[in-house]
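To start, the structure itself, in structure tokens.
Values quoted throughout were computed directly from the atomic coordinates according to the rules given, and no laboratory measurement underlies them. All values reported here derive from a predicted model rather than from experimental measurement.
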């Protein structure tokens, strides 16, 4: 079946602009996670959705970052007034919590470059 | 979440078994050991996980010590496509938690 997909695969923008990054989770997965990965580092958690609600947004670095999941499926990560330090690969993962633990499956990521 | 410790890098000859160690001496009873890998420019790929018993799937085997303080991921016949960064993560068995990645082990398969 289809895995997690993310669009666009690459995004180049200018400092100060607004960007939206999209994540399509695996069909039926109720949990969705966003992570950010800087060069040479492991992914770092940003936000987690269970259904439509953000269950944990403790990883969002500041109020320029916002994410939504209005229908409990597709999610959009929104970054306002982008800064050069926002350049990174943004990863999305989904899982289906159930009996025992749940496994997160990742998409290919969106590489964001802020000039 | 329990902290995990892995070697920064390892080499393995193509066709040989690659054994990647992970130390998780502070792991708690409700935490699984998860392994992911990340091939260059791709998202992390799930490999395998276990609680206390050894596990095997089509990709790898996971050996967890009896005291659960360490584990070893085994790729039985490494190929060049197995060159990647491998992450060992302790993850609670009730799920719904963020994954905490370290810096992982950079495994290079040598032809």
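Here are some notes:
- Each principal axis of region B:20-106 carries a Cα extent, and these read 36, 26, 20 Å when sorted largest first.
- Chain B - percent relative contact order, Cα under 8 Å, separation 6 or more: 37
- Where only C-alpha atoms are counted, convex hull volume of region A:36-97 per residue in Å³: 91
- Along its principal axes, region B:57-111 has C-alpha extents of 40, 25, 20 angstrom, given from the largest down.
- Across all directions, the average projected area of the convex hull around the alpha carbons of the protein assembly as shown is 12.4 nm².
- Distribution of pairwise C-alpha distances over region A:68-115, 10 Å bins, in %: 21, 40, 28, 9, 1
- Rounded, prolate or oblate (a/c below 1.5 giving rounded, otherwise prolate when a/b exceeds b/c) for region A:1-107 by Cα gyration tensor: prolate
- Of all DSSP beta bridges confined to the protein assembly as shown, the antiparallel ones make up roughly 85%.
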